[in-house]
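The values are calculated or read from the model by the stated rules, or taken from the named source; none is laboratory data. Computed from a predicted model, the values in this text were never measured in an experiment. Every residue, glycine among them, receives a Cβ derived from its backbone with ideal geometry; neighbour counts consider all protein chains shown. SASA here: full protein model, heavy atoms, side chains in, ligands and nucleic acids out. Shrake-Rupley method; radii C 1.70, N 1.55, O 1.52, S 1.80 Å.
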Amino acid sequence: MDTDELLQRLSATLRNEVGPAVDGEYTRTQAYMAAVILEKVGRQVGSAGAHAEAERRDLVALHDDLAALVDDDRGPPALTAAVERARDASTIESLGPLIVELYRHDPEADPVIGQALSRVRTALRADIDRRMEIAR
Amino acid sequence: MSAGGDAGSIDDRSAEVEAVLSSYLGERLEADGPVAIEELTRIAVGWSHETWLFDAVWTTADGSPERRGLCLRRDPGNALLREMSDLGEQFRVLRCLESTDIPAPRVHWHEPDPDVLGAPALIMEKVAGECPSPWRRAGRQFYADAAERGVLPVSFTDALVAIHTTDWRAAGLDFLGVPGPGDDFARREIATWRTLIEQSGHPGHPILDDLTGWLEANAPTTDTLTLVHGAYRTGNILIDDDRVSAVLDWELQVIGDPMYDVAYVLTELNREGTDLLSNVVPRELFVDRYQERTGIEIDENRCRYYQLLYALRSAAFWMSAAGLYADGRNTDLRLARTQWSVTVALERAATELGY
């Protein structure tokens, strides 16, 4: 049995059989909450491979686009350096320092900064949409 | 805000609470004989401190029978707001509010010693009224029915007017800290929620960096400082006969921009399946009456800013909750579930930022 299917079935047992049999309000709530958590963990396990591959592709595309954006010294030198450092980022989560660097400038005044932020946000949206598949 | 669910059944804790209350009140009510605790009930109020309602019954020194409805709030030490959660401050705020027109419970005692009442605690009057949850269907129906009758929408608005027109200096509320001129209020709030995020130990996310960067770059200036409740909505007010009998949940109050509260009323996040603000008040009524009675013009741009600030606050709350479970300070599985609430808060932040 696949791990994600097992977790879904554990969740269903807790929700449909264990929870209704528990007397105390607090402990019954805990049983149902355990069911919710197992369901989400199951979805997380089931989609881990596909999400990791999508994240990897998004990061590669992001780095390529940002590199093209700062090519020929367009934009501040600090941005070029931050983009270069971000190339080592293996997860979307590690893009934080790049965003912090972008906000040291004015995205509305500098078109290169604005474009860079917009491009990063595209990757962030894709990432949060994947996470929302689990969280909903 | 705290999550209950610590070890021990409700029945075990009821006996403990009854015993400590009887002893505590026996020393303070000048009773002739023991103080009986009757109708002791613990309220399930989401993530707030442990809250118990009860009647204290005793005989006075001159032989007269007395009954007083009271409310006990205890801090079990695992509050979502962590070091920000301070019953002593709540006590002080509520005591200051007694001299104002703001409907709020009167407080009687603050007991900071955890050995006396089982945890740091305060005891206040039990105010008549109900507080239906706006997150449940029955609660939303309650508010929809009340909206039809037309009295509660006015009372809801007027209670916020009272908060924003209170002379907070005269009431002694400047101990809450008074922001400096310009954008200091907004920056203080950003710092507050960033601190809670750091304390949570929860992993960050670049959407949070984007959100805080935007908030700092766009912090508005505040010309008018008022008392700000910080969480004014249905679910945080007691309602008696269609009127606000008490504003509750004095944990997030500050001296600051009244638009912070207005934004919270306007946000669609505090209503469900209706255009009524906070599930109860028509927008036009709220805006017109609020502006007329406060003399403060509602600034939609500042409200939009504060809705983004609420996104940061929401993320901070859920990260704090998830962190309490992760580091073992609380075993309630509802907290374990909140790691996915962080995701929802981040998605909302991204949407508010326009992507």
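Here are the numbers for this structure:
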read-out	value
Residue ID - surrounded by the fewest Cβ atoms within 10 Å (Cβ to Cβ), chosen from residues in segment A:7-24 that are among the β-branched types (Val, Ile, Thr) and assigned to a helix (DSSP H, G or I)	A:13
Verdict on residue B:111 being under 18 Å from the mean Cα position of the chain (by Cα) and on the phi < 0 side of the Ramachandran plot	no
Residue list for segment B:52-80, restricted to those being surrounded by fewer than 18 Cβ atoms within 10 Å (Cβ to Cβ) and polar (S, T, N, Q)	B:59, B:60, B:64
All helices (runs of 4 or more DSSP H) inside segment B:122-223 with 2 or more residues being touching a residue at least 60 places away in the same chain (Cβ under 8 Å) and more than 20 Å from residue B:346 (Cβ to Cβ)	B:137-149, B:151-165, B:184-200
Sole exception among (1) open to solvent by 70 Å² or more (accessible area, probe 1.4 Å); (2) within 14 Å of another protein chain (Cβ to nearest Cβ); (3) within 17 Å of residue A:130 (Cβ to Cβ); (4) not hydroxyl-bearing (Ser, Thr, Tyr) for residue A:53, by number	(2)
Hits in segment A:113-136 - residues which are within 11 Å of the chain's Cα centre (by Cα), closer than 16 Å to residue A:91 by Cα and more than 7 Å from chain B (Cβ to nearest Cβ)	A:123, A:126, A:127, A:129, A:130
Filter result (part of a helix (DSSP H, G or I), open to solvent by 90 Å² or more (accessible area, probe 1.4 Å) and over 18 Å from residue B:209 (Cα atoms)) within segment A:80-93	A:84
Residue, nearest to the chain's Cα centre (by Cα), within segment B:302-321, restricted to residues that are within 14 Å of another protein chain (Cβ to nearest Cβ) and either of a type in the set (D, E, K, R) or open to solvent by 10 Å² or more (accessible area, probe 1.4 Å) (or both)	B:314
Selection within segment B:34-60 - part of a loop (DSSP other than H, G, I, E, B) and modelled with pLDDT of 90 or more	B:34, B:35
Selection within segment B:189-229 - among the aromatic types (Phe, Trp, Tyr) and within 21 Å of the chain's Cα centre (by Cα)	B:193
Any hit, segment B:202-213, residues being in contact with a Ser or Thr (Cβ under 8 Å, 6 or more places away or on another chain) and over 30 Å from residue B:340 (Cα atoms)	no
Residue within segment A:63-79 that is within 17 Å of the chain's Cα centre (by Cα) and surrounded by 14 or more Cβ atoms within 10 Å (Cβ to Cβ) present	yes
Which numbered condition residue A:108 fails, given (1) closer than 16 Å to residue B:353 by Cβ; (2) assigned to a helix (DSSP H, G or I); (3) more than 8 Å from chain B (Cβ to nearest Cβ)	(2)
Residue match in segment B:15-27 (condition: outside any helix (DSSP H, G or I), under 19 Å from residue B:121 (Cα atoms) and either modelled with pLDDT under 95 or open to solvent by 40 Å² or more (accessible area, probe 1.4 Å) (or both))	no
Residues located in segment B:230-249, provided they are within 12 Å of the chain's Cα centre (by Cα) and hydroxyl-bearing (Ser, Thr, Tyr)	B:232, B:234
Some residue of segment B:231-239 being surrounded by fewer than 24 Cβ atoms within 10 Å (Cβ to Cβ) and assigned to a strand (DSSP E or B)	yes
Tally of residues being under 22 Å from residue B:218 (Cα atoms), of a type outside the set (Val, Ile, Thr) and assigned to a helix (DSSP H, G or I) across segment B:311-355	14
